[in-house]
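The values are calculated or read from the model by the stated rules, or taken from the named source; none is laboratory data. Note that the coordinates shown come from a computational prediction; the quantities given were computed from them, not determined experimentally. Heads up, the Cβs are rebuilt from the backbone with ideal geometry, glycines too, and the neighbour counts pull from every protein chain shown.
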Amino acid sequence: MRSDKHKNIENKQKGGLYTFTRFWAVLYILASAAFFGVVIYMDLLPAKYIYISAGVVAVLILLLFPALYFRRFKKSRRIISLVLSMAVMAVYGVGIVYMAGTMDFLNKITTRPAVQTVSFDVIVRSDSAYENADNIKGLKVQTYLDNDRLYSEAKNRLQQEQRVEYEMQESLTALSDGLLDQTYEVLFISEASYSTLCSERQNFETDTKVIYQVKIEKETQEIAKKVDVTSEPFNFYVSGLDIEGAIDTVSRSDVNMIVTVNPKTHRVLLTSLPRDAYIDLKSVEAKDKLTHTGLMGIEETVGVAENLLGIDINYYGKVNYTTVTRLVDAIGGIDVESDYTFTTHGMGVYYQFYEGPNHLDGSMALAFARERKSFPDGDLQRNRNQQIVLEGILKKALSSSTILTKYTSILNAVEDNVDLNLSQEDIQKLVKMQLDGMPSWKIERQSIIGQSGMEPCYSTGDFAQASVVYLDQESIIKALDKIVAVMEEE
């Protein structure tokens, strides 16, 4: 027969376990409420999944809470309930972390920066002894005669920092020639003008170097034309910048694609425009290449596309090289069907692709989308390859296995390298619509084509000729007809 001492110890142990499980039961209820509250707050799940979640949470509470909280249950049942509740709370914790990360991600990519960054470069010859801004203190600097307010801000800032003096030239040609023939020592021009010189003048990029940059912030504009994205068709403009790194940096728009979405018929139409399309600018009465509109800001690019096709561009997304490589790597690569066997040029690494199926990692996908010199129709095939890459990304990213296994990687890969003017609410609606019925989307592709030529361009200053593409009017009309057909289909 057990002694009274042993009974007292046993009772204390039982009492200690009961006290702990009762306390734990309260925590369990609070964790369940927090988990379900976050599910509701996210507003990403259709009603049927909300009901299922509520049912599961309620059943788990009914199964576990009584045994944890009330004394009448046996010790073995209490311990089993404690272990199970710990496992459930761990799941709740992971779920809350994932959901909080999702909300933070949506907030980041839909909160448009109030400003874009416009850079201005201090440029010298590549063999110059000047290496930084301090080397030009008090020197005479040649600059471009431009009445843009941002240019004035940049010049004033450099003058305040380094006490330079300016001589203004009306000609980009004179500036570049003067630097290379050593008439001038230092140029101060916009990064846009420098990019133009590098693209239009052979070896200018290798013969010069940038030793300092002045960055000026430019206010952004709200240009979204909002619709109900789950019931009304809309056009989404993809602008791919030809740079790496920060997405708020203004640069050339090398990828120009209109994504027409009909949420009622689940059709998506990708319409590519040539980067060198010779177009009428929106902000000034002049003509230029479509790619150069990116240097004036996404508002200019979208406005030009709207005027060209006579349609509303409801939303846009800006991406760059970093976006593509990180996203493709995050989803484990993509599978594409190449129209040609070809080798890439001028990208540091030479990639070989074969006609038919190819599996691409991030760097390969970027090279596949950028190559144009290997094809008879150059930029037009590059447009098609860009569509092939985007289609590959969409198919892979939307597959249930990829979303489940690569979820965190996808969010981390693109959160700092995408700029959208879709609202967070719009994205939540689209996710709910997809989860509700898991519809399969039919993706189609088309390209606007034209003929190559040489023309003066607004952004190239006084350069007599730049390579352009004269858009074929019949091609524009056929593309517009198909866009309208997709949007009006019931």
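A quick yes/no check of all residues on (1) outside any loop (DSSP other than H, G, I, E, B); (2) touching a Leu at 6+ places or on another chain (Cβ under 6 Å):
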position	(1), (2)
Asn307	yes, no
Asp312	no, no
Gly317	yes, yes
Gly332	no, no
Glu337	yes, no
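Out of the residues in region 217-253 meeting the condition of being modelled with pLDDT of 90 or more and not in a loop (DSSP other than H, G, I, E, B), tell me which one is surrounded by the most Cβ atoms within 10 Å (Cβ to Cβ). The selected residue is Ser253. Any residue in region 286-306 that is at pLDDT 95 or above and surrounded by fewer than 21 Cβ atoms within 10 Å (Cβ to Cβ)? Within region 286-306, one or more residues are at pLDDT 95 or above and surrounded by fewer than 21 Cβ atoms within 10 Å (Cβ to Cβ). Remark: pairs (first residue in region 99-113, within 12 Å of Asn412 (Cβ to Cβ); second residue assigned to a helix (DSSP H, G or I) and at pLDDT 80 or above; Cβ separation under 7 Å; 6+ apart in sequence or on different chains) = Thr102/Met42.
Residues in region 87-98 that are more than 25 Å from the chain's Cα centre (by Cα) and without any contact (Cβ under 8 Å) to a residue 60 or more places away in the chain: Ala87, Ala90, Val91, Val94. If only residues of region 345-377 that are surrounded by fewer than 17 Cβ atoms within 10 Å (Cβ to Cβ) and among the small types (Gly, Ala, Ser) are counted, the one that is farthest from Val468 (Cα to Cα) is Gly356.
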